[in-house]
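Reviewing the structure listed below.
The values are calculated or read from the model by the stated rules, or taken from the named source; none is laboratory data. All values reported here derive from a predicted model rather than from experimental measurement. Using ideal geometry, Cβ is built from the backbone for each residue, glycine included, and neighbour counts are taken over all protein chains shown.
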Amino acid sequence: MAKTTRKDLLNAPDEFITTTSTTVKWVKENPVRFGITVAVVVVVFAGVFGFYHWKTGRDNDAMLAYSHSWNSSQQTLEVVQKYGDTDAAKLAKLRLARMAYNEKNPKMASSYAQEFLDAWGDEDVYHWEGLLIQGSSQALLKDYGKAVASFDECIKGAPQHIRDQALFYKAQALIVLGKKDEAKKALGAVSESYHDVSLPVLASLEAQQGVQN
């Protein structure tokens, strides 16, 4: 193999200069094609930038509308209808589920909760709240098996205050299903801060089983 000398390296063509010269030559020989290429790049860049600007503005408008509609089911529904693909619209469905549940409409609450859960995706506090509303609504609809499944999913990762509620409502559903031992186990798993609610029910279960024995 021939040895590369310092003179050879110095005399070697500069790749950057060579590439630049080739490009300039191509541009001179193909001015129309070059103009079209530049125009396409500009249009694509402008389109991407314009879409980003539009989407950011729309997301901001949606969140503002959501925050202003906090106590109105009609305005909250309008957020869903107008900004359907935004996070604000998804959160609006969760709010509608909560409102429907508070208004004793478990069927509507369950429907909105499921739509929210399908759209949201992230396992955060909103996700766990949606599962809690879903399970509670299913229990009111007397679909106790599905309710227990929803509560179980909620219990897996929810923060303590939501987990305690899920455990309590799960116990209520299990009692109706005749699974009193499982209900006692659920009630026994709640945190100390929820004992004032859970202990009377737990005591009642233990008393009933004591009488039966």
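Any residue at all in segment 104-115 that is part of a helix (DSSP H, G or I), among the polar types (S, T, N, Q) and buried (at least 21 other Cβ atoms within 10 Å of the Cβ)?
yes
Those residues that are of a type in the set (A, V, I, L, M, F, W, C), surrounded by fewer than 16 Cβ atoms within 10 Å (Cβ to Cβ) and assigned to a helix (DSSP H, G or I), I need them from segment 155-200; list them, please.
Answer for segment 155-200, where residues must be of a type in the set (A, V, I, L, M, F, W, C), surrounded by fewer than 16 Cβ atoms within 10 Å (Cβ to Cβ) and assigned to a helix (DSSP H, G or I): Val176, Val197, Leu199.
Scan segment 133-162 and report the pairs whose first residue is more than 18 Å from Tyr112 (Cα to Cα) and whose second residue is not in a helix (DSSP H, G or I), with Cβ atoms within less than 7 Å and a gap of 6+ or a chain change.
What qualifies is Tyr144/Leu177; Gly157/Glu123; Gln160/Ser191.
List the number of the failed condition for Asp118; all other conditions in (1) touching a residue at least 24 places away in the same chain (Cβ under 8 Å); (2) surrounded by fewer than 23 Cβ atoms within 10 Å (Cβ to Cβ); (3) not small (Gly, Ala, Ser) hold.
(1)
Just the residues that are within 16 Å of Ile175 (Cα to Cα), touching a helix residue (DSSP H, G or I) at 6+ places or on another chain (Cβ under 6 Å) and in a helix (DSSP H, G or I), please, taken from segment 117-149.
Residues satisfying the conditions are Gly135, Ser136, Gln138, Ala139, Leu140, Tyr144, Lys146, Ala147, Val148.
Could you tell me whether Gly50 is over 30 Å from Tyr144 (Cβ atoms), modelled with pLDDT under 95 and surrounded by fewer than 11 Cβ atoms within 10 Å (Cβ to Cβ)? Reasoning before the result, please.
Values: over 30 Å from Tyr144 (Cβ atoms): yes; modelled with pLDDT under 95: yes; surrounded by fewer than 11 Cβ atoms within 10 Å (Cβ to Cβ): yes.
Criteria met by Gly50.
Within segment 168-196, track down each residue that is modelled with pLDDT of 95 or more and among the aromatic types (Phe, Trp, Tyr).
Selection gives Phe168, Tyr169.
Scan segment 57-65 and tell me whether some residue there is closer than 22 Å to Gly157 by Cβ, aliphatic (A, V, I, L, M) and at pLDDT 90 or above. Before the answer, list the steps.
Here is the first cut: in segment 57-65, the residues closer than 22 Å to Gly157 by Cβ are none.
Within segment 57-65, none of the residues are closer than 22 Å to Gly157 by Cβ, aliphatic (A, V, I, L, M) and at pLDDT 90 or above.
Just the residues that are among the aromatic types (Phe, Trp, Tyr) and crowded, with 21+ Cβ neighbours inside 10 Å, please, taken from segment 56-99.
Once the filter is applied, which keeps residues that are among the aromatic types (Phe, Trp, Tyr) and crowded, with 21+ Cβ neighbours inside 10 Å, segment 56-99 yields only Tyr66.
If the Cβ limit is 8 Å and pairs must be 6+ apart or interchain, which residue in segment 61-78 that is in a helix (DSSP H, G or I) pairs with which residue that is surrounded by fewer than 17 Cβ atoms within 10 Å (Cβ to Cβ) and of a type in the set (Phe, Trp, Tyr)?
What qualifies is Thr76/Trp70.
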